[in-house]
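Engineer: Sharing a structure here in structure tokens format.
None of the figures in this text is laboratory data; all of them are computed from the coordinates on show. All values reported here derive from a predicted model rather than from experimental measurement. So basically every Cβ, Gly included, is an ideal-geometry build from the backbone, and we count neighbours across all protein chains shown.
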Amino acid sequence: MSNGTTERKAIVTTPTERTIVVEREFDAPRERVFAAMTDPDLIPRWWGLDETETIVMELDVRPGGRWRFVERDPDGSERAAFRGVFREVVPPERVVQTFEYEGLPGHVSVEEMTLEEVGEGRTKVIGVSTFHEGAERDGMIAAGMEKGMNESYAKLDRLLAELA
């Protein structure tokens, strides 16, 4: 359990040439974690880098539904945009979606997120990102994915505590 003085970090592994696996525990029931990860009003409160603002441009959480988020710098300029399509949604257990950074169009990964109960009021989120080739996976890592994800998850910890 986090004591507020040290932030929990995600465990990131690369078990194959084309995959990244991320595991992270949260001190909240999986229904609350799932809701925070799929609610367009809550996503801007935790998603993205600390210095940016996230705008949910589109979010239709159902198979075939689309999503698009834009990160803006403090001056209002667009820093990055991301989009995808939901392939599978099983509340509060699993989401499968595509993920594309609009700055590198055509490089689409598939993300599978599973939420597991790991004790009373605790949830482990396991994310598996699969890329077309190893160079795409390595590019995602080199672009700072782990830093951004850990910043986002630290904000999600605070939001989940607030929603308790």
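Engineer: Can you give me the three principal axis dimensions of the stretch 36-110 from its C-alpha atoms, in Å, biggest first?
Structural biologist: In descending order, the Cα extents are 37, 28, 16 Å.
Engineer: Based on the Cβ-Cβ distance from Ser77 to Asp50, what FRET efficiency comes out when R0 is 22 Å, to the nearest 0.05? Walk me through the numbers on the way to the answer.
Structural biologist: Numbers: r = 17 Å, r/R0 = 0.76.
Once rounded, the FRET efficiency stands at 0.85.
Engineer: In debye, nearest 20: dipole of the stretch 100-164 around its Cα centre with unit charges on the Cβ of K, R (+) and D, E (-)?
Structural biologist: 220
Engineer: Dipole of the chain (Lys/Arg Cβ +1, Asp/Glu Cβ -1, origin at the Cα centre): which of Ser152, Gly106, Thr14 lies farthest to the positive side?
Structural biologist: Comparing the listed Cα positions along the dipole, Thr14 ranks first.
Engineer: Mind checking the dipole of the chain: about its Cα centre, +1 per Lys or Arg Cβ, -1 per Asp or Glu Cβ, Debye to the nearest 20?
Structural biologist: Dipole size: approximately 220 debye.
Engineer: May I ask for the Rg/Rh ratio of the chain, computed from Cα atoms with Rh as the Kirkwood radius, given to two decimals? Before the final figure, lay out the partial values.
Structural biologist: Working: Rg = 15.2 Å, Rh = 16.2 Å.
Here Rg/Rh amounts to 0.94.
Engineer: Figure the gain on full extension for Leu163 and Met57 (residue separation times 0.36 nm, minus the Cα-Cα span) and round it to one decimal in nm.
Structural biologist: Length gained between Leu163 and Met57: 35.8 nm.
Engineer: Consider all pairwise Cα distances in the stretch 90-163 and report the whole-number % of them above 15 Å.
Structural biologist: Percent of Cα pairs beyond 15 Å in the stretch 90-163: 66.
Engineer: Pop a pseudo-label 7 angstrom from the Cα along the beta-carbon direction at both Ile11 and Val85 and give the gap in nm to one decimal.
Structural biologist: Calculated label separation equals 3.4 nm.
Engineer: Could I ask something else about it? Please list 3J(HN,Hα) in residue order for the stretch 9-26, calculated via the Karplus relation 6.51 cos²θ - 1.76 cosθ + 1.60 where θ = phi - 60°; whole Hz, with x for glycine and proline.
Structural biologist: The phi angles translate into 10, 6, 8, 10, 10, 10, x, 9, 4, 10, 10, 10, 10, 10, 10, 8, 9, 10 Hz.
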